[in-house]
1. Against the conditions (1) touching a strand residue (DSSP E or B) at 6+ places or on another chain (Cβ under 7 Å); (2) touching a residue at least 40 places away in the same chain (Cβ under 8 Å); (3) of a type outside the set (S, T, N, Q), where does residue 350 fall short? Just the number, please.
2. Out of all the residues in the stretch 196-209, is one or more out of contact with any Cys (no Cβ under 6 Å at 6 or more places or on another chain), in contact (Cβ under 8 Å) with a residue 40 or more places away in the chain, assigned to a loop (DSSP other than H, G, I, E, B) and more than 16 Å from the ligand (Cβ to nearest atom)?
3. Against the condition more than 16 Å from the ligand (Cβ to nearest atom) and either charged (D, E, K, R) or out of contact with any strand residue (DSSP E or B) (no Cβ under 9 Å at 6 or more places or on another chain) (or both), how does residue 213 come out, does it pass?
4. Pairs please, first residue from the stretch 311-332 and under 14 Å from residue 381 (Cα atoms), second anywhere and aromatic (Phe, Trp, Tyr) and assigned to a helix (DSSP H, G or I), Cβ atoms under 8 Å, 6+ apart in sequence or on different chains.
5. Restricting attention to helices (runs of 4 or more DSSP H) lying wholly within the stretch 67-162, give those where 1 or more residues are within 11 Å of the ligand (Cβ to nearest atom) and either at positive phi or modelled with pLDDT of 95 or more (or both).
6. Among the residues of the stretch 227-242, is there at least one that is outside any loop (DSSP other than H, G, I, E, B) and within 15 Å of the ligand (Cβ to nearest atom)?
7. Residues to consider are 315, 360; find the one that is touching a helix residue (DSSP H, G or I) at 6+ places or on another chain (Cβ under 6 Å) and either outside the structural domain of residue 157 (by TED's automatic domain parsing) or of a type in the set (Asp, Glu) (or both).
Amino acid sequence: MSNPLAISGGKPVRNTETDPWISWPQTTSEEWESKIEPLLKQVYLSGNEGSGGTMIKRLGEQYAQYSGTNYALFMPHGTDSISAALAGALDLDGFSDGGEVIVPNYTFVATASAVLERRCTVVFVDISPETFTIDPEAVEAAIGPETRAILPVHLGGHPADMGALQEIARRHQLAIIEDCAQAHAAEYQTKKVGALSDVGAFSFQASKNLTSGEGGMVTTNDKDIHDRVCAFMNVGRAPGGARWEYPRLGWNYRPSEYLAAILLVRLELLETQTDLRNRNATYLSNALDAIDGITPPKLAPWVTKHGYHLYCLKYNPEGFGGKSRQAFVDALSAEGIPCSIGYRSPLSEEPGMAYVAEKYPHLIRSLPSPNAASVCEQSVWLFQNLLLGSESDMDQIIEAIAKIHQAWG
Ligand SMILES: Cc1ncc(COP(=O)(O)O)c(C=O)c1O
């Protein structure tokens, strides 16, 4: 007789009270004393806590070098990085109709709300059911006379099909803005995300694989886009321009030196952490592949490095005696493995978006998204901090899923 499931009163595979998962961000007194504190002290004593200091500049230079782009501009959030990227790529002031931007219908709300915030129309299209990223064929079918840009999201850290998107963009003279909020360090063939299009937008919000609590970054190779983003985020000033001169229209999206200092320390760890997440994810996938009813994440052939912000597997009740996905998530959580169903519906169906579509029909065009709908019904997400554990931590994830499978299958 197998061990009863924790959800039915049995002993969990992992007792998270006595044996918690690695928390995120990973913080240690040693790192504070040796690395973070001296840099924060340097900012504090410099008297330059805003954009006049050296940390933001250094972070921009290092992030550009890391990403393989000419420029990287530190921002307060990922959402405003997308807004700034759109403003820069499409030369938008936000007052007139900005045209249509094609967005995947499986993403975080900010991908679309940033488009709306720039007064562009969101065109929701379907995703590939394998990679959870925007489907190039759906993009091509959605293009109309008002279309100006494609906004792929490297969902969960899996790079979108950028080769196909670049080819479509070239033919239709469209800009591409990459939403890299969940994909730090991910690589498409030989390049990092954020360097694969006109402009990339990253987030450093608390859950992200590189974080300062809040923060964002815009990356680009294009000097004109760089200059427009600088103006957008710095009240219309030209880069390096005079303080009281405003050649363009802009807002204040300037970040803090303190956050840049923290990111400078954490950026050094990103590559090693990403490699560990990749090793653990491969180990997990190899084992989970053998469990009927579980489909581990599939990597497209162009992925040379997954960002693994999320480990997105698919659950099929047929392998688990017909038990629902919610029952599985509840049972797995009870076994001490934190997990989530992820986005509950295609973004176009979220009440906030449905409200906009009804009140301002010209601002949202939703195309059929059956793949996004079925991914919303099947996906189970494990979060990136779990992938920073040891091989025996991975064994516990496998053991817990196998235990549920045995009990129900
Ligand atoms: C895909 C995606 N885009 C954009 C954002 C927005 O970033 P932020 O929360 O830093 O504004 C996030 C995360 O929060 C995200 O997951």
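1. Condition (1) is where residue 350 drops out.
2. Yes; the residues of the stretch 196-209 include at least one that is out of contact with any Cys (no Cβ under 6 Å at 6 or more places or on another chain), in contact (Cβ under 8 Å) with a residue 40 or more places away in the chain, assigned to a loop (DSSP other than H, G, I, E, B) and more than 16 Å from the ligand (Cβ to nearest atom).
3. On the way: more than 16 Å from the ligand (Cβ to nearest atom): no; either charged (D, E, K, R) or out of contact with any strand residue (DSSP E or B) (no Cβ under 9 Å at 6 or more places or on another chain) (or both): yes.
No; evaluated as a whole, the condition is false for this residue.
4. Short answer, once both residue conditions are applied: 315/328; 328/320.
5. On the way: elements: 78-90, 109-117, 136-142.
Fully inside the stretch 67-162 and qualifying: 78-90, 109-117.
6. Yes, there is a match, as at least one residue in the stretch 227-242 is outside any loop (DSSP other than H, G, I, E, B) and within 15 Å of the ligand (Cβ to nearest atom).
7. Values: 360 fails: touching a helix residue (DSSP H, G or I) at 6+ places or on another chain (Cβ under 6 Å).
Result of the check over 315, 360: 315.
The rows are residues; the columns are (1) over 23 Å from residue 119 (Cβ atoms); (2) of a type outside the set (D, E, K, R); (3) within 17 Å of the chain's Cα centre (by Cα).
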| residue | (1), (2), (3) |
| --- | --- |
| 355 | no, yes, no |
| 367 | no, yes, no |
| 371 | yes, yes, no |
| 395 | yes, no, no |
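The values are calculated or read from the model by the stated rules, or taken from the named source; none is laboratory data. In this text the structure is predicted, and so the values were computed from the model without any measurement. Cβ coordinates were reconstructed from backbone atoms using ideal geometry, including for glycine residues, and neighbour counts include every protein chain displayed.
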